[in-house]
Protein chains: 2
Amino acid sequence: MNTTEIASKLVALCKQGKFQDAKVLYAPEAVSVEASAPPGGQRESVGLAAIQAKGEWWVANHEVHSMQVAGPWPNDDQFIVGFRFDVTMKPTGQRFMMEEMGLYTVKDGKIVREEFFYSGGA
Amino acid sequence: MNTTEIASKLVALCKQGKFQDAKVLYAPEAVSVEASAPPGGQRESVGLAAIQAKGEWWVANHEVHSMQVAGPWPNDDQFIVGFRFDVTMKPTGQRFMMEEMGLYTVKDGKIVREEFFYSGGA
C-alpha cells in the first residue's frame, strides 16, 4: 500500500475503534513517541510489541465515552490524523477531553513511526 | 523563546491574520514544504525571502472570506497548527474550503522548517 492507502485504512480502522487491527499496518521495528511520558513509562516505545503493550495499558485504564477521528492530511511519506476522545481515567475517575494529533511516517509500505502531539507534553 | 512560546505566538498572530508579522519567528535559512507544488512553483521554498514571496503570491491570488486557526499541539521541538480557510481563488473565481495542518520545527529559538499537510498533495 502507498502512503495515501495506509492513511485511509488507518483512519477507517480508528473510526471503528479497531486500534489493535490497525497494527497490521505497522513495521515490526516501528517507533511510537508521546509528547510526554505516561505514568511510570517512557516517551518512546520501540517495536510493535512495545506499542501494543502501550495500547493495552491505555485501553485498560480509560473508559471511552465518545471519539472523533479527523483527516488524514498527507504530505509525501507522512500524514497527520486528528483524535478527540471523551474519556474517564479509570484509576482516578477523572473525566476529560483528550485532543491530539498523530504524525505518521511510512517506509516500504508500512508505518515506521508515529508521534503524538498534545498540550501538557514535554 | 522556547517551542511552546513560539507556537503560542505563531497561533496568536495567525488568528489575527498577521502572517507577515509571524516571519520574525523564522530563521533566515528556514525551509517551507508544500504537500503539492503551487502552479508554476516548487514544493520546497528555501530561505525566508522565498517563504515571504510564496506568502505574497498566496495573498495576491486568494480572497479570504473567513479563517479558523486551531492548536497548537506540541511534541518536543515540533508543533502542529490547524488551518481552515474559506477562500476564492482570484484568477479562477472558484470558491472552496482549504483545510491543512502545518508541522513546525524549532531550533535555537526560531522556526527552521514548516511542512503543510493536505489532500490533493503528492
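FYI, it's all coordinate maths here, none of it is from the lab. Just so we're clear, the structure is a prediction, and the values are computed from it rather than from any experiment. Because the Cβ atoms are built from the backbone with ideal geometry, glycine has one as well, and the counts that use them run over all protein chains shown.
Kindly list, by first and then second residue, each pair from a residue in region A:1-14 that is in contact (Cβ under 8 Å) with a residue 60 or more places away in the chain to a residue that is of a type in the set (Lys, Arg) and surrounded by fewer than 19 Cβ atoms within 10 Å (Cβ to Cβ), limited to pairs with Cβ atoms under 9 Å and residues at least 6 apart or on different chains.
Partner pairs satisfying both residue conditions: A:Met1/A:Lys9; A:Met1/A:Lys110; A:Ile6/A:Lys110.
Could you list, in sequence order, all residues of region A:53-78 that are more than 14 Å from every other protein chain (Cβ to nearest Cβ) and among the charged types (D, E, K, R)?
A:Lys54, A:Glu56, A:Glu63
In the set A:Gln68, A:Gln78, which member is among the polar types (S, T, N, Q), closer than 25 Å to B:Tyr104 by Cα and touching a residue at least 60 places away in the same chain (Cβ under 8 Å)?
Checking each option against the conditions leaves just A:Gln78.
Can you name the residue in region A:79-122 that is more than 10 Å from chain B (Cβ to nearest Cβ) and among the polar types (S, T, N, Q) and is also nearest to B:Tyr118 (Cα to Cα) among such residues?
A:Thr105
Being in contact with a strand residue (DSSP E or B) (Cβ under 8 Å, 6 or more places away or on another chain), assigned to a loop (DSSP other than H, G, I, E, B) and under 23 Å from A:Ser119 (Cβ atoms) is the filter here; which residues of region A:1-36 pass it?
A:Glu34, A:Ala35
Tell me which residues, restricted to region A:22-67, are more than 18 Å from A:Met101 (Cα to Cα), acidic (Asp, Glu) and touching a Lys or Arg at 6+ places or on another chain (Cβ under 8 Å).
Once the filter is applied, which keeps residues that are more than 18 Å from A:Met101 (Cα to Cα), acidic (Asp, Glu) and touching a Lys or Arg at 6+ places or on another chain (Cβ under 8 Å), region A:22-67 yields only A:Glu63.
Name the residues in region A:77-87 that are under 24 Å from A:Met1 (Cβ atoms) and crowded, with 17+ Cβ neighbours inside 10 Å, would you?
If the condition is that a residue be under 24 Å from A:Met1 (Cβ atoms) and crowded, with 17+ Cβ neighbours inside 10 Å, then A:Gln78, A:Phe79, A:Ile80, A:Val81, A:Gly82, A:Phe83 are the ones that fit.
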